[in-house]
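What follows is calculated from the coordinates using simple rules that are stated; it is not laboratory data. Every value quoted in this text rests on a predicted model; they were computed, and no experiment measured them. Cβ sites come from the backbone with ideal geometry, for glycine too, and all protein chains shown count toward neighbours.
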């Protein structure tokens with residue numbers, strides 16, 4: 001039986017809280033924070049109730065009893081709510097009926113209505129059956145992340161189930177590719193649309209030229225970008241006496257299933273310097289990094305999409321284009337070694353060398369998904385830095401003491417405005433000069449998202465494999481002991497199990513540049 005007294009009491013409580021608004025100025029900081037958290041929890045719960053009631057009005061056509069022609073018309077008149085918001089809430093109410101675990105999480109205040117909107121979008125894209133199965137895995141990540149992270153999860157799940165959609169988007173983007181300059185007042189206005197990989201290069205170049213060129217560079221970032229474009233058009237950043245295609249050859253690293261592979265235009269360890277005068281920077285590095293599982297390269301069912309660093313997921317067509325002329329670097333991941341922090345000791349060189357080896361650089365870049373390790377920084381051109389400094393702290397050139405930083409963050413560290421320390425779990429903590437530790441929530445969330453997606457892909461792969469056949473099962477060959485998967489290491493072809501042999505054959509077939 002529906003009890004209307006609950007809602008009358010609810011209104012009275014809300015009116016008492018509103019009447020006490022004048023006393024809010026007397027609250028301490030801690031009291032104000034606690035009260036705000038309580039109000040937010042109540043609002044989240046009531047948003048769920050609101051959506052469920054709106055869905056009930058729609059399904060029962062209760063709007064007609066008051067002379068309205070539709071739920072949207074009734075909501076505009078009675079609740080003063082735009083039709084678009086009413087439609088989203090109504091569909092969210094239907095989602096809560098389909099996904100009981102999501103409804104329970106919203107009722108408990110663990111998620112917000114904005115998260116439910118993303119689940120609604122997932123039902124539209126993937127179907128109710130898939131989302132019912134996936135909610136158990138998606139919810140633990142959702143409860144600690146904002147709705148955009150949930151959107152990323154659902155988008156990657158969509159890419160696994162419908163991989164051809166990424167190729168369709170890439171093809172449409174290529175058809176739209178254009179750039180124009182139109183006279184606008186006393187200047188020019190640039191507009192257009194760039195393909196995924198070209199946009200990543202341009203974005204990286206813009207971020208690079210936005211940084212100051214020296215201690216005395218007081219120009220605004222906008223002026224630095226315009227000046228950089230002018231130098232680029234004047235040919236000041238051309239490579240000195242280099243071949244016309246210098247820097248155009250990509251490099252790809254292939255990995256074990258559930259491990260990542262990088263495709264990166266990287267003919268040398270460092271970009272060639274261009275002709276530059278005082279205060280002029282060298283040529284901005286616009287090489288690309290692509291991360292993909294070996295299963296993705298082999299187009300196996302349930303494989304996750306490749307990721308273009310600085311953009312996001314890409315389809316097989318663009319992946320094939322980027323890896324066509326790429327050097328391939330094999331990376332093993334998720335392996336086992338002894339010790340609290342698994343490391344590939346074969347890559348460590350201790351104090352025998354100050355500079356990181358090429359294999360160590362590849363391992364560090366893959367470990368960080370090709371972006372700067374500093375929280376909030378997404379630049380992809382990285383220097384390898386000793387966490388315990390080589391000269392000052394007598395640090396070693398070992399993987400647990402190496403971190404990839406962009407040039408800007410690297411300078412800040414050496415100015416001692418930012419301190420890096422190992423966290424004892426294979427990662428690093430960053431602390432400002434003021435003593436405040438930078439929150440690396442985004443990176444932790446990304447790791448949780450990756451783990452959740454791996455579980456979802458395995459479920460989908462098992463479903464697509466179908467029921468087991470009556471054929472006798474051949475015992476699997478035990479995997480040979482191998483080093484931690486994050487680190488690059490030479491593969492011994494005589495000690496490979498089947499998945500590793502496919503990786504070795506794939507790398508040998510493409511004849512990568514050996515390091």
Descending packing, highest mean Cβ count within 10 Å first, for 433-440, 52-59, 22-29 is 52-59, 433-440, 22-29
Once residue 41 and residue 202 are pulled to full extension, the length gained, defined as 0.36 nm per residue separation minus their Cα-Cα distance, is 53.7 nm
Stretched fully, the stretch from residue 182 through residue 227 gains (0.36 nm per residue minus C-alpha distance, one decimal, in nm) 14.3 nm
Under the 7 Å Cα-to-Cβ spin-label approximation, residue 3 and residue 351 lie apart by a distance in nanometres of 7.4
In whole percents, the bins of 10 Å from zero upward hold the Cα-Cα pairs of the range 29-168 as 12, 36, 30, 18, 4, 0
Yeah, the range 82-159 with a ≥ b ≥ c from its alpha-carbon gyration tensor (a/c under 1.5 is rounded, else prolate when a/b outruns b/c, oblate otherwise) is rounded
For 208-221, 173-186, 349-362, ranked highest to lowest by mean beta-carbon neighbours within 10 Å, the order is 349-362, 208-221, 173-186
Length-normalised contact order of the range 29-168, Cα under 8 Å, at least 6 apart, in percent, tallies to 21
Checked the range 31-107 against the a/c 1.5 cut and the a/b vs b/c comparison, axes a ≥ b ≥ c from its Cα gyration tensor; verdict oblate
Per the C-alpha gyration tensor (a ≥ b ≥ c, the square roots of its eigenvalues), the range 1-61 is rounded if a/c is under 1.5, else prolate if a/b beats b/c, else oblate; here it's prolate
The range 107-190: relative contact order from alpha carbon pairs under 8 Å, six or more residues apart, as a whole percent, is 22
Expressed in µm² per second, the diffusion coefficient of the range 128-203 from the Stokes-Einstein equation, with Rh the Kirkwood radius over alpha carbon pairs, at 20 °C and 1.002 mPa s, is 136
